[in-house]
Amino acid sequence: MLNVSHLSVNRGSRRVLHDISLSVPAGQTLAVVGESGAGKSTLISAVLGLLRPSSGEVTWNGAPTQATRPALVMQEPRAAFNPALSLRRSVMEPVVAQRIALAQGRLERLCSGLELPVDLLDRRPGEVSIGQAQRVGILRALIAAPPLVLFDEPLSALDAVTQKHTARLISQLQAEERFAALIVTHDLGYAVAHADQIAVLKAGQIEEIAAAQAFALNPQTAYGRALRDAAIALGALEEAA
Ligand SMILES: Nc1ncnc2c1ncn2[C@@H]1O[C@H](COP(=O)(O)OP(=O)(O)OP(=O)(O)O)[C@@H](O)[C@H]1O
Ligand SMILES: [Mg+2]
């Protein structure tokens, strides 16, 4: 289980995360929502061990998270890849690095679920669309069956239909492989449908954290309610009965 306990993080001299506590059991998903600049990507970097906490700690089953080789789907799809390498080389990098024997047909199955032709992987990152690069990023994150996956806006460049299919693949794989997922998203409809918990982040603090259904039904803070109501007004979330 991922455990974040009283985490505070500075960037430069500014404190951008304040006393964050949350946990995500294996097989479950926590969605992080909140305004631009709230600290969502910073939280991901801290969970990955790329930023050092000013105080507090982040652990996976009691040990530093790096030891579990967490996977990351980056917010900027193309920046995630070495431009000089074929996408296939980048996708296979975690498999090669960890000397994993890939199950027969796994690459093909994931490509199919992500609606990516396998031979697209022979191209370089600059030779595919941003939405394709985003799905290749998801492929790379999931290929080696990591126990912990961090997704930073993983569906932002996809059309609604592709979003739905991609979300379904992620959920299916999670049900089979039991990875814990922390997903940053602006899409509250997605969060309510796919996450177990929702954490609302504002100005580096957790405004509220609740079971996804409970949040949809009855947000506990003014900001949470505003987010929920805006999603309903946009048609991104169904009004709870
Ligand atoms: N490399 C950096 N150096 C200094 N400050 C940074 C750096 N990256 C981000 N920040 C600041 O940290 C705060 C949190 O940024 P962060 O990228 O975590 O936000 P976010 O919630 O992911 O936003 P978005 O939804 O726009 O991606 C912001 O005030 C931002 O300006
Ligand atoms: Mg961000």
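The values are calculated or read from the model by the stated rules, or taken from the named source; none is laboratory data. Just so it is clear, the model here is predicted, and its values are computed rather than measured. Don't worry about glycine lacking a Cβ; one is built from the backbone with ideal geometry, like all the others, and counts go over all protein chains shown. Note: areas computed on protein heavy atoms with side chains; ligands, DNA, RNA excluded. Shrake-Rupley method; radii C 1.70, N 1.55, O 1.52, S 1.80 Å.
For region 32-146, the direction-averaged projected area of the alpha-carbon convex hull comes to 8.7 nm². For the chain, the Cβ-based charge dipole about the Cα centre amounts to some 700 debye (Lys, Arg positive; Asp, Glu negative; other atoms uncharged). A run of the chain free of exposed loop cleavage sites, with GluC sites (Glu not before Pro) counted only in DSSP states other than H, G, I, E and B and at most 16 other beta carbons within 10 Å, reaches its longest extent at 116-237. Overall shape of region 178-224 was characterised from the C-alpha gyration tensor. The equivalent ellipsoid obtained from it has semi-axes of 17, 13, 9 Å, in decreasing order. For the chain, what log10 I(q)/I(0) values come out of the Debye formula at q = 0.08, 0.09, 0.13 1/Å, with one point per alpha carbon and no solvent? Values returned for q = 0.08, 0.09, 0.13 Å⁻¹ are -0.29, -0.37, -0.79.
Which helices, taking whole DSSP H runs in the chain, have alpha carbons extending 30 angstrom or more along the helix axis plus mean Kyte-Doolittle at least 0.5? The partial results should precede the final answer.
Values: long enough: none.
Helices passing the filter in the chain: none found.
What whole number of Å gives the distance from the Cα centroid of region 21-88 to the Cα centroid of region 207-241? One Cα centre to the other: 24 Å. Element breakdown for the chain at a 1.4 angstrom probe: carbon and sulfur atoms account for 49% of the accessible area. Diagonalising the gyration tensor over the Cα atoms of region 79-149 and scaling each eigenvalue by 5 before taking the square root yields semi-axes of 18, 14, 11 Å, largest first.
Average the reciprocal distances over every distinct pair of alpha-carbons in region 121-209, invert the result, and give the Kirkwood radius in Å.
The answer is 14.2 Å.
Leaving out ligands and nucleic acids, and using a 1.4 Å probe, what accessible area per residue does the chain come to in Å²? Ligands and nucleic acids excluded, the result is 47 Å² per residue. Annotation: the antiparallel percentage among DSSP beta bridges lying fully within the chain is about 55.
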